[in-house]
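Here is the structure we will look at, set down as structure tokens.
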Amino acid sequence: MKIGVLKDAPKTAILGLVIILIYAVLGIFAGQIAPHGETEIVGMEFEPWGGEFLLGTDNLGRDMLSRLIYGARNSVGIALATTALAFSLGSVLGLLAATLGGWVDQLLSRFVDMLIAIPALLFALLLLTIFGTGIVNMIGVIAVLEMTRVFRLTRAVAMNVVVMDYVQAARLRGEGLWWQIRAEILPNIAAPLVAEFGLRFCFVFLAVSALSFLGLGIQPPTADWGSMVRANAALITFGDITPLLPAAAIAVLTISINFVVDWVLHCASGLKD
């Protein structure tokens, strides 16, 4: 990213970038930053804030601060991997549908329409109940469901490019399909796809957290913000806000990414303030 562009960014985008950077540092260096191990039982259950345990302990006596830090690695890392897979599937299929057209476009579009017609969360719960609740299964299920949105956007923007003269000229020159996609189509639709990646990450991140909260996502003892909310929810009854900490971590990252995505979309649109 150019320094000049970053200098002209709004304060909300700068704030979002800073928060995303903090989350990235926490996730990458969780083992060095966290005061205790991810699954280490260091005290009694539900110990109050302060002293040795800055944010208290959870339902098993594990340090909440350490669990939150490790949750940044697990929750965000798995969501990022899922988003990358969903984006790869959706963008490749969308580009193929727009470029080839005909029966290929119809077949892929009707398949995607069928998946979109099914409520995503209920379908994910059904598939995870059938195939099991492992991380690999969860990544695969969410990626397939989320790639439908990427497919529709990629196909829509690519359809406006494949009819351009320079694409038709490339075809007449005898350029191959993948060369047309790589050299002519993809560079001209990159901006909306970059913004879509950020938005899709937010939806995937929330989906992973929701499934973990329901017990079908990332399984204990792995630290995950969604399951941490469920495991410590009993404290809400006593006016303790500890269960809200992982929920707040989810909300802050989601809002920060939206700040950055809004800025990227604004830059891509060419509009001036």
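The values are calculated or read from the model by the stated rules, or taken from the named source; none is laboratory data. Every value quoted in this text rests on a predicted model; they were computed, and no experiment measured them. FYI the Cβ positions are ideal-geometry reconstructions off the backbone, even for glycines, and counts take in every protein chain you see. Side chains are part of the model used for accessible areas, which takes the heavy atoms of the whole protein and leaves out ligands, DNA and RNA. Shrake-Rupley method; radii C 1.70, N 1.55, O 1.52, S 1.80 Å.
Of the accessible area of segment 10-76, computed with a 1.4 Å probe over protein heavy atoms only, carbon and sulfur atoms account for 69 percent. The amide H of R62, built 1.01 Å from its N in the peptide plane, has V42 as neighbours under 5 Å, considering only residues 5 or more places off or on other chains. Once both labels are positioned 7 Å from their Cα atoms along Cα-to-Cβ, the gap between V25 and I255 label points is 2.1 nm.
Across segment 89-96, rounded Karplus estimates of 3J(HN,Hα) from the backbone phi angles (6.51 cos²θ - 1.76 cosθ + 1.60, θ = phi - 60°) give 4, x, 5, 5, 5, x, 5, 5 Hz, Gly and Pro being marked x. For the pair F238 and V92 in one chain, pulling the backbone fully straight at 0.36 nm per residue adds 47.5 nm over the alpha carbon distance. Here segment 136-232 has 66 percent of its accessible surface on carbon and sulfur atoms, given a 1.4 Å probe and all protein chains in place. Normalised by the number of residues in segment 120-273, the average gap of Cα pairs under 8 Å and 6 or more apart makes the relative contact order 22 percent.
Annotation: per residue accessible area for segment 184-273 equals 45 Å², rounded to a whole number [probe 1.4 Å, protein chains only].
Fully extended, how many nm does the chain gain between T12 and R171 (0.36 nm per residue separation, minus their Cα-Cα distance)?
52.9 nm
The string of couplings for segment 227-233 from the Karplus curve (6.51, -1.76, 1.60, θ = phi - 60°) is 5, 5, 5, 5, 5, 10, 4 Hz, one whole number per residue in order, with x for Gly and Pro.
Extension gain for the segment N160 to V194, taken as residue separation times 0.36 nm less the Cα-Cα distance, is 10.5 nm to one decimal.
Between L107 and A248, the simple label model (points 7 Å from Cα in the Cβ direction) yields a spacing of 5.2 nm.
Specify the longest stretch of the chain that does not include any exposed loop site, a site being one of the trypsin sites (Lys or Arg not before Pro) with a non-H, G, I, E, B DSSP assignment and at most 13 other Cβ atoms within 10 Å. The segment 3-172 is the longest one with no such site. Couplings 3J(HN,Hα) of segment 79-87, computed from phi: 5, 5, 5, 5, 5, 4, 5, 4, 5 Hz, in residue order, whole Hz [Karplus 6.51 cos²θ - 1.76 cosθ + 1.60, θ = phi - 60°; x for Gly and Pro]. What's the FRET efficiency of L100 with F123 using the Cβ-Cβ distance as r and R₀ = 25 Å, to the nearest 0.05? Result of the calculation: an efficiency of 0.35.
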